[in-house]
Structure formats: C-alpha cells, structure tokens
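Down below is the structure, laid out as structure tokens.
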C-alpha cells in the first residue's frame, strides 16, 4: 500500500553543509519514526524556502547513498511572514508488512528544530 509522510526542519544557516546535514537528518528521522528503510521509499520531494540557496538537500542525501530513490527539490512558495530557512519533505513509500501487524493507518510526521512551531500538534519526533 502506497503512503506518504511529511516533515520539516529549520536550517541553522544558508550554507551548503548546513543544508546537506539538515536534509539528511530530516530524512533519517522520518524513516526512523515510521519504521521505514530506504528500500521502502518510492520518492522524496524536498522544498526549500527562498533564503536557502547555498545547497540542495537532495544532493546532500545522495552523498550518503540513496542511489535508487528518485529525489526532487523545489523552491517553496514565498509567503510573507513565513518561517525562514525551512526544508520541507514529502516522502512517498510502500508501507511495509509490519504496518499491518501494528494496525497503523497513517504515517508519523516529523518536525525538527524551529520547524516544530509549524505543526506543534504533529511534532512528536526527536528534537
């Protein structure tokens, strides 16, 4: 069964290293929170706020592996007053058989660091 989960992380600075690290950390946290592995993933879509231009989280993640997963990165819509320096993630995956055993019907979203303020109702992931 195909499912999707989202997440977000606020990046400390607009540097290549910070963007790569934050994107990778977010993906790993989403996988861990949902009992998923790279092989469960169908695709990952990242969006970045316009103030993050020094790097690409997809490039950073590719540097750690993820050779078989389609990765895509887009610029987030610019909305006045929105939180700065945010990477958002939409991960599409095939729900593993363990989901049926656990009776899960939805995935656990993960919001890290300052992005926790975007969805405090869903911010159960690691800080």
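Here is a check on your reading of the model: is residue 68 loosely packed, with under 11 Cβ neighbours inside 10 Å, touching a helix residue (DSSP H, G or I) at 6+ places or on another chain (Cβ under 9 Å) and modelled with pLDDT under 95?
Against the criterion (loosely packed, with under 11 Cβ neighbours inside 10 Å, touching a helix residue (DSSP H, G or I) at 6+ places or on another chain (Cβ under 9 Å) and modelled with pLDDT under 95), residue 68 qualifies.
Within the stretch 24-45, work out how many residues are within 17 Å of residue 106 (Cα to Cα) and loosely packed, with under 15 Cβ neighbours inside 10 Å.
Qualifying residue count for the region: 3.
Look at the stretch 33-61 and say how many of its residues are more than 12 Å from residue 93 (Cβ to Cβ) and more than 14 Å from the chain's Cα centre (by Cα).
So the count comes out to 6.
Name the residues in the stretch 4-23 that are surrounded by 19 or more Cβ atoms within 10 Å (Cβ to Cβ) and closer than 23 Å to residue 40 by Cβ, would you?
Matches in the stretch 4-23: 5, 7, 8, 9, 20, 22, 23.
For the stretch 46-61, what are the residues that are surrounded by fewer than 20 Cβ atoms within 10 Å (Cβ to Cβ) and either under 14 Å from residue 86 (Cβ atoms) or without any contact (Cβ under 8 Å) to a residue 24 or more places away in the chain (or both)?
Scanning the stretch 46-61 gives 47, 50, 51, 53.
The values are calculated or read from the model by the stated rules, or taken from the named source; none is laboratory data. Please read all numbers here as calculations on a predicted model, not as lab measurements. Quick reminder, even Gly has a Cβ in these numbers, built from the backbone with ideal geometry, and neighbours come from all protein chains shown.
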